[in-house]
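What follows is a short report on a single structure.
Derivation of every value follows stated rules applied to the coordinates shown; laboratory data play no part. Remember, it's a predicted structure, so these values are computed and weren't measured experimentally. Every residue, glycine among them, receives a Cβ derived from its backbone with ideal geometry; neighbour counts consider all protein chains shown.
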Amino acid sequence: SSNDQASSGYIVYMGSKPESPRRHKLAHSHHRMLASVLHSEEAARESILYSYTRSFNGFSARLNATHVAALKKMPGVLSVFPDKRNQLH
Amino acid sequence: TTHSWKFLGLEDANGEIPENSLWRKANFGSGVTIGSLDTGVWPESASFDDSSFDPVPNTWKGTCVNTNSFNPSDCNKKLIGARFYIKAYELSKGPLNTTATGDFRSPRDKDGHGTHTSSTASGRFVEGANILGFANGTAKGGAPKARLAVYKVCWPGGCWEADILAAMDDAIADGVDILTLSIGGKVPLPDFFQDGIALGAFHAIQKGITVVCSAGNDGPKVGSVVNLPPWILTVAASSIDRSFSASVILGNNKTYLGSSLSEFKLEDRLYPIVASSDVGYRSSIGSLLCTVGSLDPKKTEGKIVVCLRGVTTRLSKGTAVKQAGGAGLVLANSDADGGELIADPHVLPATNVDAQSGKEIYAYLKNTKSSVGYITPAKTLLGVEPSPKMASFSSQGPNTLTPDILKPDITGPGMNILAAFTRATAPAGDGRLVEFNVESGTSMSCPHLAGIVALLKALHPDWSPAAIKSAIMTTAITYDNTGNKILDGSNKVAGPFNYGAGHVNVNAAADPGLVYDAAIEDYIFFLCGLGYSSVAMETLTGYEVHCPDAKLSLSDFNYPSVTLSNLKGSTTVTRTVTNVGGDGQAEYKVAINPPPGVSVSITPSILKFSSTGEKKSFTLTFTAERSSKGAYVFGDFSWSDGKHQVRSPIVVKAT
């Protein structure tokens, strides 16, 4: 049923960048998290927009409400929030 | 920009740069890199020339992307980074249509906004800068010798947060010293952890990077200020002592001062003048606002047309009048626009008048059978009084998320600012390309402050972002060039909800005497005080954090302003100042200007320092003598050693 819900952009924020993992390992962990809620490696690859790995830890992806609820419960996730439109001032 | 740095005191009356100018003290920002998140850059602009720059240091980890419309050779020793972020935009809007939008799928700036803000912050000296002959002078950025890295995150229709976060992730790691974002949401957000700019900025200050953001353009609405975290420098907008004057003269001999950058002139005679709603195809909101195609050429031909400004694009109104054969345009402010005059490069003789003038002009048209008028040719005026004056559009406090932190923090020049522009867009929409353009907004004041921060960073490389922010805030002024209190857009006395600590006072900020410093731990305890757990704070920071058991008072956060949004009876808050005066030994005495109905005592009233870097704490006790009945009241206090004046605003609501 989750596939029937409309998906849109979200940011999954996980705080500071861990000291130890290299960037590609951190990005890989983001894929794994996403794949676990999307139940598909391929869907995770298609869904993800950015892995934030250089200065902090998080990623952005196309998600629906079920995915968001599942990600919010995962350890290390500080917040999951909609990707909002900002404007020039 | 031309003239704004002179207005800010970096040049003397003759245009010379005196020895005590922060420009000279800070070697014009040399050694500092500013990261700008915006619409990209027009790299060919003379403002980004790199002559006399040293090679890019090896510590720089940024890059210039290689795409169809931008390649590494577009960068140089001045413009050292250029990246773009479009995935979130394209998820929402679909693939960028470069043909339809004219935008570039690269860091190249189509809109012009990013080139304008970047050059305001750090553009080189460019002689003979002007737009259509107006605002002529030598264009200068705040930190002309600082390097620049641009991160394009804004596209036609907006700037998506996931793109902004990606840019911040890169910019921090690339090695910028300052981040400037003339960007924000439409409304304040309810939680820092739902705010991408707030989160990215937090990681920036962890690395000692000062983050400067615009306060927003949703004034004069109360509580409209955005970019609210205490770790961001939030910038309001105000005028400089320059205007672009073009008056309306009516047949009844009344003259109304207006503002314009139109190079077009009427013949030296009176013209029929009409309200746009009387020459539309039908009575409609479209003709009142002069939307394109709403005016009947048979009724408009050869006349000056008065259009209501409203929320529609200003420049299209001139196009509408011109297409219908009109001779000129008077753009009348609505009440919401107030007294704020915007100068635009119109496509015909035109001027923008304030709301009161607009009402009187409309009354003249209604009550006069054969109404006539004239628009004088536009000209640049300097030494305008009073200035600075707050822009009506500048978003206002109170801070709706954490009311005990005053926002905005500061105001700077943001009205009718000339700076470099893209060659991909004609500002008037009629094909006339310009090297420089005049724009208004908190977008324009934000890079002024970013440039000033770069100068302070160059002069004091060891200062924290909080110390730099404190230096800027505690030296700010609250009076204008007539010696009176700064006014708001409606000509009433402005206050801290308009300008925070006041108007930036650049040279004084170089030597503030004392600073209200804050380390990452202080921000963490601030977040603990908001109710976030130790576990959340550990995830945020990456190290062990113990939030205090007792809930911290947010008013105790060591901010350069003091706000109590809910004073009941009496309360005491603490502040700590650090001596950054070069002399080491110093004695500061306090002076208090309490808000009406509130008594304020400060203990101790004298602070004696024996060395530079020494910290001293003091307490402020506030007692409500009467309820302010839901209204905020304002005062201030300042420490002085006879040489420095360290002033903090006080904002209180007593219940």
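List every residue whose amide H lies under 5 Å from the amide H of residue B:56, counting only residues 5 or more places away in sequence or on a different chain, with H placed 1.01 Å from N in the peptide plane.
none
Can you give the average number of partner chain beta-carbon atoms within 10 Å of each beta-carbon in peptide B:154-163, as a whole number?
On the way: counts 3, 0, 0, 2, 5, 5, 8, 10, 13, 6.
Whole-number average of other-chain Cβ neighbours for B:154-163 is 5.
Order the peptides B:617-629, B:285-297 from the highest to the lowest mean number of other Cβ atoms within 10 Å of their residues.
Packing order, densest peptide first, comes out as B:285-297, B:617-629.
Using θ = phi - 60° and the Karplus curve 6.51 cos²θ - 1.76 cosθ + 1.60, what whole-Hz ³J(HN,Hα) does each residue of the stretch B:175-187 get, with Gly and Pro shown as x?
x, 5, 9, 9, 10, 10, 10, 8, 9, x, x, 7, 10
I need the Debye-formula profile for the stretch B:48-173: one equal scatterer per C-alpha, no solvent, reported as log10 I(q)/I(0) at q = 0.11, 0.12, 0.21 1/Å, two decimals.
Those come out to -0.43, -0.51, -1.28, one per q.
Translational diffusion coefficient, Stokes-Einstein: compute it for the stretch B:103-190 using the Kirkwood radius over C-alpha pairs as Rh, at 20 °C and 1.002 mPa s, and state it as an integer in µm² s⁻¹.
Numbers: Rh = 14.9 Å.
Stokes-Einstein gives a translational diffusion coefficient of 144 µm²/s.
If you wrap a convex hull around the Cα atoms of the protein assembly as shown, how much volume per residue is inside, in Å³? Each step should come with its number before you reach the end.
Working: hull volume 130.7 nm³, N = 744.
With only Cα atoms used, the protein assembly as shown gives 176 Å³ per residue.
How would you rank B:61-70, B:544-553, B:23-32, highest first, on the average number of other Cβ atoms within 10 Å across their residues?
Per-residue mean Cβ counts within 10 Å order the peptides as B:23-32, B:61-70, B:544-553.
One quarter of the convex hull surface, Cα atoms only: what value does that give for the stretch B:508-567 in nm²?
The directionally averaged projection comes out at 5.6 nm².
Could you pull the Cα extents of the stretch A:5-89 along its three principal axes, largest to smallest, in whole Å?
40, 36, 22
Along the three principal axes, how long is the stretch B:329-477 when you take its alpha carbons, biggest first, rounded to the nearest angstrom?
Each principal axis gives a Cα extent; for the stretch B:329-477 these are 69, 39, 31 Å.
When you look at the Cβ of every residue in B:195-206, what mean number of other chain Cβ atoms sits within 10 Å?
4
Could you give the semi-axes, largest first, of the ellipsoid that matches the stretch B:262-404, computed as the square roots of 5 times the alpha carbon gyration tensor eigenvalues and rounded to whole Å?
Sorted largest first and rounded, they come to 29, 19, 14 Å.
How big is the dipole moment of the protein assembly as shown about its Cα centre under a simple scheme where the beta carbon of each Lys and Arg is +1, that of each Asp and Glu is -1, and everything else is neutral? Debye, nearest 20, please. Could you put the intermediate results ahead of the total?
Values: 68 positive and 66 negative charges, 214 e Å.
Taking the Cα centre of the protein assembly as shown as origin, the dipole is about 1020 debye.
If you build the Cα gyration tensor of the stretch B:98-256 and take the root of 5 times each eigenvalue, what three semi-axes come out, in whole angstrom, biggest first? Before the final figure, lay out the partial values.
Details: eigenvalues 201, 94, 61 Å².
Semi-axes (√(5λ), whole Å): 32, 22, 17.
Near the amide H of residue B:304, under 5 Å away, which other amide H atoms are found, from residues 5 or more places off or on another chain, if H is placed in the peptide plane?
Long-range HN contacts for residue B:304: B:273, B:274, B:327, B:328.
What does the net charge come to around residue B:432 if you take all other residues with beta carbon closer than 12 Å to its beta carbon, with K and R at +1 and D and E at -1?
Around residue B:432, the charge tally is -2.
Across the residues of A:53-66, average count of Cβ atoms on other protein chains within 10 Å?
5
When N is the residue count of chain B, what does its C-alpha Rg come to as a fraction of 2.2 N^0.38 Å?
0.97
Whole-Hz Karplus ³J(HN,Hα) for the stretch B:573-583, in order, using 6.51 cos²θ - 1.76 cosθ + 1.60 and θ = phi - 60°, x for Gly and Pro?
10, 10, 9, 10, 10, 10, 7, 10, x, x, 6
Among bridges DSSP assigns within chain B, what percent are antiparallel (round to 5)?
55
All other residues with a Cβ under 13 Å from the Cβ of residue B:567 taken together, and with Lys, Arg as +1 and Asp, Glu as -1, what is their net charge?
On the way: positive: B:568, B:626, B:629, B:653; negative: B:404, B:625.
Combined, the nearby Lys, Arg, Asp and Glu give +2.
Taking K and R as +1 and D and E as -1, what net charge do the other residues with C-beta under 14 Å from the C-beta of residue B:466 add up to?
Values: positive: B:207, B:457, B:469, B:575, B:615; negative: B:409, B:462, B:517, B:521, B:522.
Net local charge, residue B:466 excluded: 0.
Can you list the trypsin sites (Lys or Arg not before Pro) in the stretch B:429-489 that are in a DSSP coil and have 16 or fewer other beta carbons within 10 angstrom? Don't jump to the answer; show the numbers that get you there.
On the way: sites: B:432, B:457, B:469, B:485; in loops: B:432.
Taking the stretch B:429-489 and a limit of 16 other Cβ atoms within 10 Å, the loop trypsin sites (Lys or Arg not before Pro) found are B:432.
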